[in-house]
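The values are calculated or read from the model by the stated rules, or taken from the named source; none is laboratory data. Just so you know, these numbers come straight off a predicted model, no measurement behind them. Here Cβ is always computed from backbone atoms with ideal geometry, including for glycine, and neighbour counts include all displayed protein chains.
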Amino acid sequence: MKTKYFFLFLGLLLWNISFSQDNIQISVQYKLQFKTDSLATDYETENFILLANKEKGHFQSTVTYVKDSLLANPKNDISNIMETYNTDNGYYIEMTPSKNTVIHYQPTNSSKIFYENNSKINWKIQNEYKTLLGFKCKKATTSHLGRNWEAWFTEEYPFALGPYKFYGLPGLILQLNDTKNDYNFEAFRIKKYKNKVYTFNSQPYLKVDKNKFWEIYNQDKYRLNPLFDGLSFENEKVIPTMQRNLQLQQKKENNPLERKH
């Protein structure tokens, strides 16, 4: 009997370590306009969501958020969900402003990895104002991740959070762009919650240091998925064509959001 309770306790302990649960007070939806190709004339777009309380924020693609919600229901068709909800921005970002901590979770072709970084963002608050979503916003600037940024935040939502890996201002960031306008996040919807819980399963993710993280990520991003290893096709050009397309993609994607990690 004691053995039974020991394993039950152990299981609950591991569950608590693997699954983080946070009570959510607000969600903020952002539209990102971006150029991964520095020579591109048109912007790509994607929507993201920030789920937050005053202590912590979770940021991810809206596509990933919807996919995870659907996968949580065992009655749904997993194969159809995986095929329908795809994004190149499949990361999960967790921010804790009081500790200046960011955790970056990243699925890749070969693994699921994460690293934790502690870094204070040095903001300079400017005496400039504008209105966004009906809220009075103040301007702040910083140099972060190898780019110069302008942010507009509102103290009407006293959350020291924003999109991607940006935090530490005395209010919620509603707009963020780099000074070259290659990346522009703009909030378009804010929703308040009373009884919403966000759950994230970190169990499949392996912790690595920051340098190893980016080494694995960059290698896997432009490498053919290992699922194709050993497969043969009637048309012998299929695999070489896929590899060539990945090489072309790598050449075009010369303008990542993070120029410095």
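When segment 166-212 is examined, which residues are found to be among the β-branched types (Val, Ile, Thr) and touching a Lys or Arg at 6+ places or on another chain (Cβ under 8 Å)?
Selection gives Thr179 alone.
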Could you please find all residues in segment 91-119 being at pLDDT 95 or above and in a loop (DSSP other than H, G, I, E, B)?
-> Tyr91, Asn100
Filtering segment 160-213 down to residues that are farther than 19 Å from Phe48 by Cβ, hydrophobic (A, V, I, L, M, F, W, C) and part of a strand (DSSP E or B) yields Val197, Leu206
Would it be correct to say that Lys120 is surrounded by fewer than 20 Cβ atoms within 10 Å (Cβ to Cβ), of a type outside the set (A, V, I, L, M, F, W, C) and more than 16 Å from the chain's Cα centre (by Cα)?
-> yes
Give just the number: which of (1) under 29 Å from Asn195 (Cβ atoms); (2) exposed (fewer than 14 other Cβ atoms within 10 Å of the Cβ); (3) among the aliphatic types (A, V, I, L, M) does Val102 not satisfy?
-> (2)
If the Cβ limit is 8 Å and pairs must be 6+ apart or interchain, which residue in segment 138-150 that is farther than 20 Å from Asn127 by Cβ pairs with which residue that is in a loop (DSSP other than H, G, I, E, B) and of a type in the set (Val, Ile, Thr)?
-> His144/Ile121; Arg147/Thr179
Do we have Gln60 as under 30 Å from Leu169 (Cβ atoms), free of Cβ contacts under 8 Å to residues at least 60 places away in the same chain, within 13 Å of the chain's Cα centre (by Cα) and in a strand (DSSP E or B) here?
-> yes
Test for Tyr222: is it farther than 30 Å from Asn23 by Cβ and at pLDDT below 95 = yes
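Could you list, in sequence order, all residues of segment 181-205 that are hydrophobic (A, V, I, L, M, F, W, C) and surrounded by 13 or more Cβ atoms within 10 Å (Cβ to Cβ)?
Phe185, Ala187, Ile190, Phe200, listed by residue number.
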Would you check if Lys99 is farther than 24 Å from Thr45 by Cα, touching a residue at least 40 places away in the same chain (Cβ under 8 Å) and of a type outside the set (A, V, I, L, M, F, W, C)?
-> no
Tyr157, sole failed condition from (1) assigned to a loop (DSSP other than H, G, I, E, B); (2) farther than 20 Å from Glu55 by Cβ; (3) over 20 Å from the mean Cα position of the chain (by Cα) | (2)
Which one is surrounded by the fewest Cβ atoms within 10 Å (Cβ to Cβ), of the residues in segment 55-76 that are among the charged types (D, E, K, R) and modelled with pLDDT under 95?
-> Lys75
Restricting the search to segment 66-84, which residues are part of a helix (DSSP H, G or I) and small (Gly, Ala, Ser)?
-> Ser69, Ser79
Checking Lys130 against (1) in a strand (DSSP E or B); (2) under 18 Å from Ser202 (Cα atoms); (3) of a type in the set (Lys, Arg), which test does it fail?
-> (2)
